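Notes follow once the structure below has been shown.
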Amino acid sequence: MGEPIRAAVRIENSGATPALNLVPRDGVFTRPTLPAYDDEIMGEPTSRSVLGPGVAMTLFPVSNAVVSSEKQIQAVVIGANRIFVRGEVAYEDIFGEKHSTRFCFSTTGENYDKAPLSACAEQNQVN
């Protein structure tokens, strides 16, 4: 208690060329169900980077709020709330075309030992 929820998300450039001007945004939060996609829950964009072909990097999303009560923990443990890890990675290809990948994973305490994070049924997109 008294700490934010932290996660680690590994992303990899599976293409044959570098991802330029890569800007990740991510966030961690708890809710009973997945809310509509909005920027408010997401963290601020970090600095731009380049991700070479076949290279991976790890994002470390952190919740905006700290876990402040046993009631909050129990809501996740019993499945009344889920922990969601959501983010977007925006980048440009070598031809200057803009792309983005959105991801969403979640878990509850009742499923944590079987599968720490599972893909959300929606809000995972690639363009």
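All of the numbers you see were taken from the coordinates with simple rules; none came from a lab. Being a predicted model, the structure only gives us computed values, none of them experimental. FYI the Cβ positions are ideal-geometry reconstructions off the backbone, even for glycines, and counts take in every protein chain you see.
If R0 is taken as 22 Å, the Cβ-Cβ distance between residue 67 and residue 34 corresponds to a FRET efficiency of 0.70. Taking the number of Cβ atoms within 10 Å of each Cβ as an exposure proxy, the fewest-first ranking of 31, 86 is 31, 86. Here the relative contact order of the chain, from alpha carbon pairs under 8 Å that lie six or more residues apart, stands at 30 percent.
Annotation for residue 97 and residue 126: the two label points, set 7 Å from Cα along the Cα-Cβ direction, are 1.3 nm apart.
Note on the chain: along the principal axes its Cα atoms extend 50, 26, 24 Å, ordered by decreasing extent.
A simple rule links phi to the HN-Hα coupling: the Karplus curve 6.51 cos²θ - 1.76 cosθ + 1.60 with θ = phi - 60°, which for the stretch 15-20 gives x, 9, 10, x, 8, 9 Hz, with x for Gly and Pro. Distance from the alpha carbon centroid of the stretch 85-101 to that of the stretch 1-58 works out to 11 angstrom.
Packing, as the average of other Cβ atoms within 10 Å across residues, places the peptides 100-108, 13-21 in the order 100-108, 13-21, highest first. Less than 5 angstrom separates the built amide H of residue 64 from those of 28, all sequence-distant by 5 or more or on a different chain.
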